[in-house]
Amino acid sequence: MRSYIAIVILVAVVGVSVQAASVATPNCGGSTSSKDIKLVKPTNPPRECEYRVNAYSKNVCQLRIDFAMTLAQPTLQEEGQDLYTAECTRDYFEVNGLRLCGVETWQHIYVPFNASAGVSRVDLRIVLANRAGGNSLPTPEWNMQVTQLECPAGAAIRELSRRSKQRASSINDGFLVAPPGCLQYFPESKGVVKSFNYNDGSGIYPSNLNYAICFRRTTSTKTLTIRSYFFHVGAEASASTLLTDSSCYRSGSSGVQNADYLMVPQATLVDSNQRATYFCGATKKDVVISSNNPGPLIVLFNSDEMYTPNDSGFAFTYTVQ
């Protein structure tokens, strides 16, 4: 049986709001009710490290986790003849069924945490494979900033009780609070988005991902513009062409549907004025995509269970205007 180190972070709800003026840095086995928490790998971590983080207040609706992390790359597991999956099985960070591994440089995720609805805790884990015996696994590192976000009055993401309404006027997290269902949220009008384990284009994104990347919309917002400068999603090893829509759903000889794609609602390829929604394949050229979707500003990423050698991910800049 493989040996491992498990880090478990328990987020529990308490009935009393505790104010904290500085960033908490709990040790293994410690607890905190701070709004801002920093979790760093100990110099000599024990076999199991547990943190208990009590809710900052009953108004907490989300956790935002910003992290830099280096773990082992996904494992290629054979599921049948010429059929592989890329799974995080040796080292991994896990929350709510999501597993991430490899190199995550300044990535972030949002975790639902509706304290007013009675959600008692959120469990986060980092599992490490045994590194004894001189194996080639990288030295694990992680540095996580966990922020407890409170929802302003009227937010659809949580139900407001009478008590929470009384305190709503002092909540100022609204800019950072993500719309419901978003794994990643970028409230700034400009920025960079990368797939998980991008690793400067040399990584592998895990199989079986399906998540929403969201952007902040204001009353004056009209367009989301994406400039992709790296794109290798669901492409055959020899492919060097950007594909769209029905080409992003290809059935292999195994009968398993290949459906790795980046979905951009109501999108247009600016150079060719071609309308498309699903994007896959591989290209070394910059690709500019404009979306005038009237609803939420989102991009969806999906990876199926099949791994192909070009499944290394995407990177793009974005502008919201």
**OP:** State to the nearest 20 debye the size of the charge dipole of the stretch 178-321 about its Cα centre, where the only charges are +1 on K and R beta carbons and -1 on D and E beta carbons.
**Re:** 540
**OP:** Please sort 199-212, 285-298 by packing, taking for each peptide the average over its residues of neighbouring beta carbons within 10 angstrom, highest first.
**Re:** 199-212, 285-298
**OP:** Work out, step by step, the length gained on full extension between ASN114 and LYS190: first 0.36 nm times the residue separation, then minus their alpha carbon distance; give nm to one decimal.
**Re:** 24.5 nm
Original post:
What ranking of SER57, SER195 emerges when the number of other C-beta atoms within 10 Å of each C-beta is taken as an exposure proxy, fewest first?
Top reply: SER57, SER195
**OP:** Could you please report the charge total around GLU94, scoring K, R as +1 and D, E as -1 over all other residues with beta-carbon less than 10 angstrom from its beta-carbon?
**Re:** +1
Original post:
Which of the residue pairs LYS41/LYS194; LYS35/LYS194; LYS190/LYS222 have a Cα-Cα distance greater than 21 Å in the structure shown?
Top reply: LYS41/LYS194; LYS35/LYS194
**OP:** Quickly work out the ASN293-to-SER246 label distance, labels modelled 7 Å from Cα along the C-beta direction, and quote it in nm with one decimal.
**Re:** 2.3
Subject >> Net charge of Cβ neighbours under 13 Å - reference PHE231; Lys, Arg +1; Asp, Glu -1 >> reply: +1
Subject >> Karplus-derived HN-Hα couplings along the stretch 88-100 (A = 6.51, B = -1.76, C = 1.60, θ = phi - 60°), whole Hz, x at Gly and Pro >> reply: 7, 10, 8, 10, 6, 9, 9, 8, 6, x, 8, 10, 10
**OP:** Kindly put ASP91, ASP245, ASP271 in sequence by how many other C-beta atoms sit within 10 Å of each C-beta, fewest to most.
**Re:** ASP271, ASP245, ASP91
Original post:
If you add up the charges near GLY30, with Lys and Arg at +1 and Asp and Glu at -1, over every other residue whose beta carbon is less than 10 angstrom from its beta carbon, what do you get?
Top reply: 0
Subject >> Neighbour-count order for HIS108, HIS232, fewest beta carbons within 10 angstrom listed first >> reply: HIS108, HIS232
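Where a number appears in this text, it was derived from the coordinates with a stated rule and is not lab data. Small disclaimer: the values here were computed from a predicted structure and weren't measured. Every residue, glycine among them, receives a Cβ derived from its backbone with ideal geometry; neighbour counts consider all protein chains shown.
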